1. Look through the stretch 1-15, keep the residues that are out of contact with any Asp or Glu (no Cβ under 9 Å at 6 or more places or on another chain) and closer than 17 Å to residue 88 by Cα, and return whichever of them is surrounded by the most Cβ atoms within 10 Å (Cβ to Cβ).
2. Quick one: how many residues across the stretch 62-71 are open to solvent by less than 50 Å² (accessible area, probe 1.4 Å) and within 11 Å of the chain's Cα centre (by Cα)?
3. Identify all residues within the stretch 44-61 that are crowded, with 17+ Cβ neighbours inside 10 Å and either more than 14 Å from residue 72 (Cβ to Cβ) or at pLDDT 95 or above (or both); write none if there are none.
4. Taking the criterion of being of a type in the set (Val, Ile, Thr) and open to solvent by 80 Å² or more (accessible area, probe 1.4 Å), would at least one residue in the stretch 16-31 satisfy it?
5. Considering 78, 84, which residue is surrounded by fewer than 16 Cβ atoms within 10 Å (Cβ to Cβ), touching a residue at least 40 places away in the same chain (Cβ under 8 Å), out of contact with any Lys or Arg (no Cβ under 7 Å at 6 or more places or on another chain) and acidic (Asp, Glu)?
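The values are calculated or read from the model by the stated rules, or taken from the named source; none is laboratory data. Bear in mind that the values here come from a model prediction, so they are computed numbers and not experimental data. Cβ sites come from the backbone with ideal geometry, for glycine too, and all protein chains shown count toward neighbours. Just so you know, the surface numbers come from the protein's heavy atoms only, side chains and all, with ligands and any DNA or RNA stripped out. Shrake-Rupley method; radii C 1.70, N 1.55, O 1.52, S 1.80 Å.
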Amino acid sequence: MTLDQEKLVPERDEHLKNGEFSILKGEYTKNFNVYVVGSQHKEAVEYILMLLDRSTDNALNFGIKMGTGKKYGVTFWEEEDIPEEYHA
């Protein structure tokens, strides 16, 4: 977890408690789970899947995460950075 992410932990945890997260699994994320966290997580995932469908490499990358994060106000977390009770 980066220092920038550490600052976002309280906000992340509030979204997790409220069920405001989606999980992108395996085929798009190099075989690990990525959590999309925020009030617009569902819209963000739809947008990501549309971008990936149009992409040539079909893998979630930094540019997609940054653009989606700004557009929908979501954050991205690797499963290891998510409390155990929210693991898929």
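1. Residue satisfying both the conditions and the ranking: 15.
2. 3
3. Answer for the stretch 44-61, where residues must be crowded, with 17+ Cβ neighbours inside 10 Å and either more than 14 Å from residue 72 (Cβ to Cβ) or at pLDDT 95 or above (or both): 44, 45, 47, 52, 60.
4. Checked the stretch 16-31: no residue is of a type in the set (Val, Ile, Thr) and open to solvent by 80 Å² or more (accessible area, probe 1.4 Å).
5. Just one listed residue meets the conditions, 78.
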